[in-house]
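Nothing in this text is a laboratory measurement; each read-out follows from the coordinates by a stated rule. From a predicted model like this one, the values you see are computed outputs, not experimental measurements. All Cβ positions, even for glycine, are placed from backbone atoms using ideal geometry, and neighbour counts span all protein chains on display.
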Amino acid sequence: MSRFKNWQYPEFDENDKTKWDWRCHDRQLFILGRDTDIACFTVIEAKYGVEIQDDAGIGSHCTIYSWLPELSENERGKVTIRKNARIGTHSVIMPKVTIGENAIVAMFSLVDRDVPDNGYFPEVSG
């Protein structure tokens, strides 16, 4: 069952922005699953590939980087956010990171490594 009654793939204007005020650069390398929710002011840099699978949720003011100009070629790479993952507001996802299925990233996180399926970032000890 869909979380959204009338979910539609987003349309982008000439500035790479959607009507929900989030942006994606290099959209030809951007894969977006169904029933995803990407909140306002999020920026996706997809030059080396970004895939967000079905039912994922991305909070507002997040940045997803598949590359940064100051990173070396081997530090750039595809970002994958798997099904039903949740990314908290103001989080930054670095290149070559995979966020696992059903994983949760806390708000204001800098994610520089993979998060396993059903995992939590940052890891909770105890």
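Scan region 1-53 for GluC sites (Glu not before Pro) in coil per DSSP, keeping those whose Cβ has at most 10 other Cβ atoms within 10 Å, and list them by number.
E11, E14
For K5, which aspartates and glutamates qualify as cross-link partners when the Cα separation must be under 14 Å and same-chain residues fewer than eight apart are set aside?
Straight-line reach from K5, under 14 Å: D35, D37, D55.
Along the Cα→Cβ direction, 7 angstrom out, place labels at F41 and H90. What is the inter-label distance in nm?
0.9
Compute the distance from the alpha-carbon center of region 41-59 to that of region 82-121, in whole Å.
First find each Cα centre; the distance between them is then 11 Å.
Rank the residues F121, F108 as a footprinting-exposure proxy: fewest other Cβ atoms within 10 Å of their Cβ go first.
Lowest count first: F108, F121.
Take the chain, mark every one of the trypsin sites (Lys or Arg not before Pro) that falls in a DSSP loop and has at most 15 other Cβ within 10 Å, then report the longest stretch left between them, sites excluded.
35-112
Assigning unit charges at the beta carbon (Lys, Arg +1; Asp, Glu -1) and nothing else, what dipole magnitude in debye, to the nearest 20, does the chain show about its Cα centre?
Numbers: 15 positive and 20 negative charges, 51 e Å.
Rounded to the nearest 20 debye, it is 240 debye.
Skipping prolines and chain starts, which residues have an amide H placed within reach, meaning under 5 Å, of the one on I99, given they are 5 or more residues away or on another chain?
T80, I81, R82, V115
May I ask for the Rg/Rh ratio of region 85-126, computed from Cα atoms with Rh as the Kirkwood radius, given to two decimals?
When Rh is taken as the Kirkwood radius, the ratio is 0.92.
Taking K96 as the anchor, which lysines have their alpha carbon closer than 27 Å to its alpha carbon, excluding any fewer than eight residues away along the same chain?
Straight-distance partners of K96: K17, K47, K78, K83.
Would you calculate the volume per residue, in Å³, of the smallest convex hull containing every Cα atom of region 23-120?
Enclosed volume per residue, from the Cα hull, is 74 Å³.
What percent do you get for the relative contact order of the chain when only Cα pairs under 8 Å and 6+ apart count?
In percent, rounded to a whole number, it is 16.
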